[in-house]
Amino acid sequence: MNKPDDKDLDFSKWTPPPEPPPTPAAEAGTPQRRLIASKKEFADALDALLGKTGRSLRMFDRNLADFGMNSIAREEQLRAFLHKRRTNRLQIVVHDTALIAQRSPRLMRLLRQYSHAIAIHQTNEEIRNLEDVLVVGDDAHCLRRRHHDHPKGSVYLDDPVETREWLNRFNAIWEHSAPAVSATTIGL
């Protein structure tokens, strides 16, 4: 049996690897939390969250009716987000896909152009009773309302600790959903 050579164990020239770069949340700064009380405040909070999101965006709602998905501004925001990096992802889960498929041509256009980056799912029947609204940006930003019919909610920006719970909730909802809207139409 060969004995290791002492030269193989020479650590005199060893240097530790460089520190990994900070996550976007760590770079962003102090956590911000605030309550929202109106649809206008919800829209403003969604704009702020989208502006801070750099890698992944997750949305859960009944049908995205309050998200302005067919506005020029929202289309431009989402396009800018998806265009930043080829690896950026947008995951959407809704109870009802009719509004997206029939009355959101701008979102459908984005789906066709960025089909590699956008997934739209519909919830399974067993969780269609969920009534909250949830948006998670990266792992650090969150916007939520307890009920889709009520404008009151809260927004957390640069707060990975608070966002973790809501990211886990979104992931559980995603697990109980299935692909529902695609970029292409299949049929005769």
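The values are calculated or read from the model by the stated rules, or taken from the named source; none is laboratory data. Computed from a prediction, not measured in an experiment: that's the story for all the values here. No Cβ is skipped: glycine too gets one built from the backbone with ideal geometry, and neighbour counts run over all protein chains shown. Each accessible area value is taken on the protein alone, full model and side chains, heavy atoms only, with ligands, DNA and RNA left out. Shrake-Rupley method; radii C 1.70, N 1.55, O 1.52, S 1.80 Å.
What single numbered condition from (1) over 15 Å from the mean Cα position of the chain (by Cα); (2) open to solvent by 50 Å² or more (accessible area, probe 1.4 Å); (3) within 30 Å of T30 (Cβ to Cβ); (4) modelled with pLDDT of 95 or more fails to hold for R146? The failed condition is (4).
Screening A25 on (1) part of a loop (DSSP other than H, G, I, E, B); (2) modelled with pLDDT under 95 shows it passes everything except condition (1). Out of V155, V181, one residue alone is at pLDDT below 95 and either within 14 Å of M59 (Cα to Cα) or touching a strand residue (DSSP E or B) at 6+ places or on another chain (Cβ under 9 Å) (or both). It is V181.
How many of the residues making up the stretch 114-138 are among the acidic types (D, E) and either under 19 Å from A80 (Cα atoms) or surrounded by 22 or more Cβ atoms within 10 Å (Cβ to Cβ) (or both)? Walk me through how you get there before you give the answer.
Looking only at the stretch 114-138, we keep the residues that are among the acidic types (D, E), and these are 125-126, 131-132, 138.
Narrowing further to those that are either under 19 Å from A80 (Cα atoms) or surrounded by 22 or more Cβ atoms within 10 Å (Cβ to Cβ) (or both): 138.
Number of matching residues: 1.
Scanning the stretch 74-107 for residues that are among the aliphatic types (A, V, I, L, M) and touching a residue at least 12 places away in the same chain (Cβ under 8 Å) yields L78, L82, L90, I92, V93, V94, A98, L99, I100, A101, L107.
Residue count for the stretch 59-105, restricted to those that are in a helix (DSSP H, G or I) and open to solvent by 40 Å² or more (accessible area, probe 1.4 Å): 14.
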